1. Would you mind telling me which numbered condition in (1) open to solvent by 20 Å² or more (accessible area, probe 1.4 Å); (2) of a type in the set (A, V, I, L, M, F, W, C); (3) over 28 Å from ILE36 (Cα atoms) LEU680 fails?
2. The conditions are (1) under 31 Å from the mean Cα position of the chain (by Cα); (2) in contact (Cβ under 8 Å) with a residue 40 or more places away in the chain, and LYS376 fails exactly one of them. Which is it?
3. Which condition breaks for MET212 when tested against (1) under 14 Å from LEU134 (Cα atoms); (2) assigned to a strand (DSSP E or B)?
4. Mind checking which residues of region 153-179 are modelled with pLDDT of 85 or more and surrounded by fewer than 17 Cβ atoms within 10 Å (Cβ to Cβ)?
5. Do you know which residues across region 619-664 are in a strand (DSSP E or B) and among the aliphatic types (A, V, I, L, M)?
6. Consider ARG114 against the criteria (1) exposed (fewer than 12 other Cβ atoms within 10 Å of the Cβ); (2) more than 16 Å from ALA25 (Cβ to Cβ); (3) under 31 Å from the mean Cα position of the chain (by Cα): it satisfies all of them except one. Which criterion is unmet?
7. For region 552-572, name all the residues that are in a loop (DSSP other than H, G, I, E, B) and buried (at least 24 other Cβ atoms within 10 Å of the Cβ).
Amino acid sequence: MLQDHRFFNRDLSWLSFNYRVLIEARDTSLPLFERIKFLAIYSSNLNEFFRVRVASIQSLRDVQPGPVKEQDKVLADIYDEVSRQQDEFGSIFREQILPELERNNIFLIQGPPRDMVHQEYVTDLFMEEVRAFLHPELLRKDKIVHFLRDGALYHVVKLRNKPKRGVAGAVLGDIATRMVKKRVRYALIQVPTHYFPRFIVLPRIGDAHYIMFLDDVIRYNLERIFPGYIVLSCYSVKVNRNADLLIEDEFSGDLVEKISESLKRRRIGIASRFLYDQNMPASMLRYLRDTFGIAREELMTGGTYHNFMDFFSFPNPLAPQLERVPMPPLPHADLESYSLMLAAIGEQNRLLHYPYQSYDYVIRFLNQSAIDPDVKEIYTTQYRVASNSAVVQALIRAAQNGKKVTVFVEIKARFDEAHNLTSAREMEQAGVRTIYSIPGLKVHAKVALVMRQEGGRMRGYAYLSTGNFNEKTARLYTDHGYFTADQEVIQELQEVFAYLNDQAYVPREFKHLLVAPFNMRRRFVEMIEREAAHARAGKPADILIKLNNLEDERMIEKLYEASQAGVRIRLIVRGICCLRPGVPGLSDHITVTRIVDQYLEHARAFVFHNAGANELYLGSADWMQRNLSRRVEVIFPVTDGQLKSEIFAILKLQLSDNVKATRLDADMVNHPIRNDNPPLRVQHAIYGHLQRRTLLDILQEES
């Protein structure tokens, strides 16, 4: 299937990552509700994959000529792998999760309620609350007016007219009865999960807790929905639609208007997956295909219940039992000794590690800048902000206090477009100067700049991060945040914001920052080639890189060349990895580690040995073609000895994980790392070391 054996297919590689997520759901060492959460994550990931990647491949296939298309092969492999994973998903749920729930006296009822108390409760709930939000439709193949909403759950109900009184016993009774039996109709009911929780908690009976799908509340009351019919059967379906707005590479026109219009079209995009109950009769499936125009290749079998992402909200009547022990964000001891963030940053550079340490220091940095009379200007980028964002509110207060506040809002952040537009308009109304997306580029940099009047001159203070300005995801994603008043970095950040303000502006050469699409790719290539030259000269040479995704073929080729020169290359890649490690003669000296645990590994780090000088960079850019060539990204150096040592310590722990880390082979198979060392679960280890302030002790063993 692969056009080039040197590169693994990006979509199959992503499925390898999502399978690694599924592996967590079968890990019996985890608390039960943590395992349920991983089922929900897996399902949510797969849902987005079909809405974006599979839909994109299908679109590409449709426009390419030729009898045999590469996209057909890729899609076939995707469907095969997803089918295999879905079978295992169902097995984990049925054979592990449900029995474990029952061992804890929690019963998920699948089907009609059995106890009289529950039957009465479900009937009353339906009649008093649910029924009013149901809008059943009788389907007609000859009149295509029906539409399945993206991601919504539907019941397809097979009905037959009830015989009219007097038909039975008539002279032609047998013939009439046969004619009535042929009057079969199909109806569609959307399960109203936008109004009601997916899981309904039923009354306790003794010590037993009972939970029921909203789907089954409706199934149990179908006769009340269709009083003039006999209900013959009921099966669930769901459609994923193309969610790609197809605007990333447009170079003209009003992007805000285009995105606003595209968001409306997203809801009615072309179907990329039609998921149906595997027990559905072939006749019903054929009817639905004809009625909704579903192509055969879009069909995918599922179970009785879809949208397992709803298990994020599965109720735990025994909470906090069966859940993971929380690790509340830690204070940063040095920053706690300062009342003013700018004073702390002005004294020396500062580094934070999320979610282990508190994100409140970033909010404090912005809030204090908003009320400081000597702060004159604030600049920042926004990619994905939280709902009711404290960051946005701080910037609004700054503008209201007379500061010049400029915010670049990337409204092309997929699935956050509407939210970003709303927050941008809120800031505009408060007097914040808001700059919107650049046609043809996506701004992914995570940077902020505060300019303060001090002693007759303007002094800058910066915050650069590997993660978004989002206080909520900072509790879920592992990232690094860096505060600096280094004026060389400040000057280069000013160049970045000058370009964001006016793309006709040509920035001066960046000597410290690596900025895409200007110097980032070139500088990374130079550093890789330098390590290769050292290896050829018989000197120590080492590269250690942590990424979310590794897809860019030009960068992979450079890593292959360095490996062949003898450079030791250690990669930590969470998601997509198109590089094939450990291939003889190609990538003998390359290893790829993947870490999946309770927090999403999100930070990017780049370490180059540099003849013992160890250059370290952090930032928001993956090594994908889009990041290096079609996005504005900022990678920043960390030069302070102590701060570098903190990152080295964290990376060393990540490479030593033998509990949650896996080693990838050339076919993207996740191999658990098992050795004779004491068990080390890196995310817990980092938290423990930061809690004891012993992070730097990890490096004492290094030569």
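1. If we test LEU680 against (1) open to solvent by 20 Å² or more (accessible area, probe 1.4 Å); (2) of a type in the set (A, V, I, L, M, F, W, C); (3) over 28 Å from ILE36 (Cα atoms), just (3) comes out false.
2. Status for LYS376: all satisfied but (1).
3. That leaves (1) as the condition not met.
4. Matches in region 153-179: ARG160, ASN161, LYS162.
5. VAL632, VAL634, ILE635, ALA661, LEU664, listed by residue number.
6. Only one criterion is unmet by ARG114, namely (3).
7. Hit for region 552-572 is VAL567, nothing else.
Conditions (1) closer than 30 Å to ILE378 by Cβ; (2) over 28 Å from the mean Cα position of the chain (by Cα); (3) among the polar types (S, T, N, Q), marked per residue:
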{"position": "GLU488", "(1), (2), (3)": "yes, yes, no"}
{"position": "GLU492", "(1), (2), (3)": "yes, yes, no"}
{"position": "VAL496", "(1), (2), (3)": "yes, no, no"}
{"position": "TYR505", "(1), (2), (3)": "yes, yes, no"}
{"position": "PHE524", "(1), (2), (3)": "no, no, no"}
{"position": "MET527", "(1), (2), (3)": "no, yes, no"}
{"position": "LYS539", "(1), (2), (3)": "no, yes, no"}
{"position": "LEU547", "(1), (2), (3)": "no, no, no"}
{"position": "LEU550", "(1), (2), (3)": "no, no, no"}
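The values are calculated or read from the model by the stated rules, or taken from the named source; none is laboratory data. Model, not experiment: these values are computed from the prediction. All Cβ positions, glycine included, derive from the backbone under ideal geometry; neighbour counts span all protein chains shown. Remember, those area values only see protein heavy atoms, side chains included, never the ligands or the DNA or RNA. Shrake-Rupley method; radii C 1.70, N 1.55, O 1.52, S 1.80 Å.
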